[in-house]
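Following: one structure in structure tokens, then a few remarks.
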Amino acid sequence: MAFKIFLDGGAGTTGLQIADRLASRADISLLVLDDTTRKDKEARKAAMAEADISILCLPDAAAIEAAAMAAELACDVRLIDASSAHRVHPDFVYGFAEMAAGQADKIANAHLVSNPGCYPTSFVALVRPLIQAGLLAPEAGLAAACVSGYSGGGRTMIERYEAGEAPAFGTYGLTLGHKHLPEMKVHSGLVDTPVFLPSVGQFAQGMLVNIPLHQAQFSKTVSAADLTACYRAAYGDSALIKICDETGLDAHNFLVAEALAGRDNMELFVFADASESHFVLTARTDNLGKGAAGAAVQNMNLMLGVDMLSGLQV
């Protein structure tokens, strides 16, 4: 018998990407409400009650409302929230399976899972192991310069770019109060909020998260090999996180943001100058993959007790 998965908000970018990943799976039966019922509270509650897992692909306010609706039901509802509404909420397990030992088991046994954001997934992947290993202090003042494909901006941004009405490149979030900041701080283990500089480029899918560091910012003298070894210790057995060297650069020595478009894995890089006094730590993903739809499917698989990689492209 197939598992029933309710996509609440299945017409949005993340919902459509999740549906694509599940379309060929015989073990999954998708529940998606049509235009006449997708905003009907009783229809949504009935779908939640019927489903083995409901995935919320909604704006934050609507996701908060949906979680409250689920709590009203007498049955045992399991949710994956793909919005940013519950990413630091104590009742939700953070859905980054590789973040820490035992995190995948926590997700597998959870009733409420918050899917990580695209930028935060990469930021946490880069920073948390260094803090855990004592190479970076929790009090370290960090900054991240990032770029994403335009698909991360939702339907309006996609339409602007595809119509040729958007700039080739632009920086945003310049009030320095982006909604991703709480989870970047909390789940990386930082004491202070990082400076986060996101931007968008004229390509559909792909993401680079870059963290520049001076040698003096580390808790002790480190080399690029030390940092690489730290990441290998944290993620060496992971099927979805690969520790790379400079072979990730293209023929023109570019690290191409969209190289993982359509895939659900992550690549980590450590770059350094010749004297190893300056470093750049970089994570590359598809912004709709490991930090969005791919992560949601991975979390769903864990919660269902099936192969974690089923339906994913790696």
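The values are calculated or read from the model by the stated rules, or taken from the named source; none is laboratory data. It should be emphasised that the depicted structure is a prediction, and the values quoted were computed from it without experimental measurement. All Cβ positions, even for glycine, are placed from backbone atoms using ideal geometry, and neighbour counts span all protein chains on display.
Suppose we filter T221, T228, T282, T247 for residues that are at pLDDT below 95 and not assigned by TED's automatic domain parsing to the domain that holds G15; which single one remains? Steps first, please.
Details: T221 fails: at pLDDT below 95; T228 fails: at pLDDT below 95; T282 fails: at pLDDT below 95.
Answer to the check: T247.
With respect to F123, determine if the residue is of a type in the set (F, W, Y) and either on the phi > 0 side of the Ramachandran plot or touching a residue at least 60 places away in the same chain (Cβ under 8 Å) (or both).
Working: of a type in the set (F, W, Y): yes; either on the phi > 0 side of the Ramachandran plot or touching a residue at least 60 places away in the same chain (Cβ under 8 Å) (or both): yes.
So F123 fits the description; yes.
What about T228, is it β-branched (V, I, T), under 25 Å from the mean Cα position of the chain (by Cα) and farther than 29 Å from L176 by Cα? Steps first, answer last, please.
Numbers: β-branched (V, I, T): yes; under 25 Å from the mean Cα position of the chain (by Cα): yes; farther than 29 Å from L176 by Cα: yes.
Yes.
Does Q313 satisfy the condition of being in contact with a helix residue (DSSP H, G or I) (Cβ under 9 Å, 6 or more places away or on another chain) and in the same structural domain as G102 (by TED's automatic domain parsing)? Steps first, please.
Values: in contact with a helix residue (DSSP H, G or I) (Cβ under 9 Å, 6 or more places away or on another chain): yes; in the same structural domain as G102 (by TED's automatic domain parsing): no.
It is false that Q313 is in contact with a helix residue (DSSP H, G or I) (Cβ under 9 Å, 6 or more places away or on another chain) and in the same structural domain as G102 (by TED's automatic domain parsing).
Within the range 64-92, how many residues turn out to be buried (at least 20 other Cβ atoms within 10 Å of the Cβ) and hydrophobic (A, V, I, L, M, F, W, C)? Spell out how you get there, then give the answer.
Kept after step one, since they are buried (at least 20 other Cβ atoms within 10 Å of the Cβ), are these residues of the range 64-92: 66-67, 70, 77, 79-87, 92.
Remaining after also requiring hydrophobic (A, V, I, L, M, F, W, C): 66-67, 70, 77, 79-80, 82, 85, 92.
Result for the range 64-92: 9.
Would you point out the residue of the range 142-174, among those that are part of a loop (DSSP other than H, G, I, E, B) and on the phi < 0 side of the Ramachandran plot, that is modelled with the highest pLDDT? Let's see the steps before the verdict.
Pass one, the range 142-174, residues part of a loop (DSSP other than H, G, I, E, B): 142, 163-168, 172-174.
From what is left, the residues that are on the phi < 0 side of the Ramachandran plot are 142, 163, 165-168, 172, 174.
Working: L142: 98, A163: 93, E165: 93, A166: 93, P167: 93, A168: 95, Y172: 94, L174: 95.
Checked the range 142-174; the qualifying residue modelled with the highest pLDDT is L142.
Has the range 24-38 got any residue that is closer than 29 Å to M157 by Cβ and either touching a residue at least 40 places away in the same chain (Cβ under 8 Å) or in a helix (DSSP H, G or I) (or both)?
Initially, the range 24-38 is screened for residues closer than 29 Å to M157 by Cβ, giving 24, 30-38.
Checking which are either touching a residue at least 40 places away in the same chain (Cβ under 8 Å) or in a helix (DSSP H, G or I) (or both) leaves us with 24.
Within the range 24-38, one or more residues are closer than 29 Å to M157 by Cβ and either touching a residue at least 40 places away in the same chain (Cβ under 8 Å) or in a helix (DSSP H, G or I) (or both).
Could you list all residues from the range 158-183 that are exposed (fewer than 12 other Cβ atoms within 10 Å of the Cβ) and aliphatic (A, V, I, L, M)?
A163, A168, L174, L176
More than 16 Å from L288 (Cβ to Cβ) and of a type in the set (S, T, Y): is that true of Y119 in this structure?
When the stated conditions are applied, Y119 does not pass them.
Quick check on the range 175-183. Is at least one of its residues in the same structural domain as E267 (by TED's automatic domain parsing), assigned to a strand (DSSP E or B) and in contact (Cβ under 8 Å) with a residue 24 or more places away in the chain? Walk me through it before giving the result.
Residues of the range 175-183 in the same structural domain as E267 (by TED's automatic domain parsing): 175-183.
Among the residues that remain, those that are also assigned to a strand (DSSP E or B) are: none.
No, the range 175-183 contains no residue that is in the same structural domain as E267 (by TED's automatic domain parsing), assigned to a strand (DSSP E or B) and in contact (Cβ under 8 Å) with a residue 24 or more places away in the chain.
If A163 satisfies every condition in (1) closer than 30 Å to A216 by Cβ; (2) assigned by TED's automatic domain parsing to the domain that holds T282; (3) of a type outside the set (D, E) but one, which is the exception?
Failed condition: (1).
Any idea how many residues of the range 265-310 are in a loop (DSSP other than H, G, I, E, B), surrounded by fewer than 22 Cβ atoms within 10 Å (Cβ to Cβ) and in contact with a Ser or Thr (Cβ under 8 Å, 6 or more places away or on another chain)?
So the first thing to find is which residues in the range 265-310 are in a loop (DSSP other than H, G, I, E, B), and the list is 265, 273-277, 286-288, 305-310.
Pick out the ones that are also surrounded by fewer than 22 Cβ atoms within 10 Å (Cβ to Cβ) and you get 265, 273-277, 305-310.
Still in the running and in contact with a Ser or Thr (Cβ under 8 Å, 6 or more places away or on another chain): 265, 276.
The number of residues fulfilling the criteria is 2.
Scan the range 184-197 residue by residue and report those that are more than 15 Å from R128 (Cβ to Cβ) and either in the same structural domain as H89 (by TED's automatic domain parsing) or surrounded by 22 or more Cβ atoms within 10 Å (Cβ to Cβ) (or both).
Hit for the range 184-197 is F196, nothing else.
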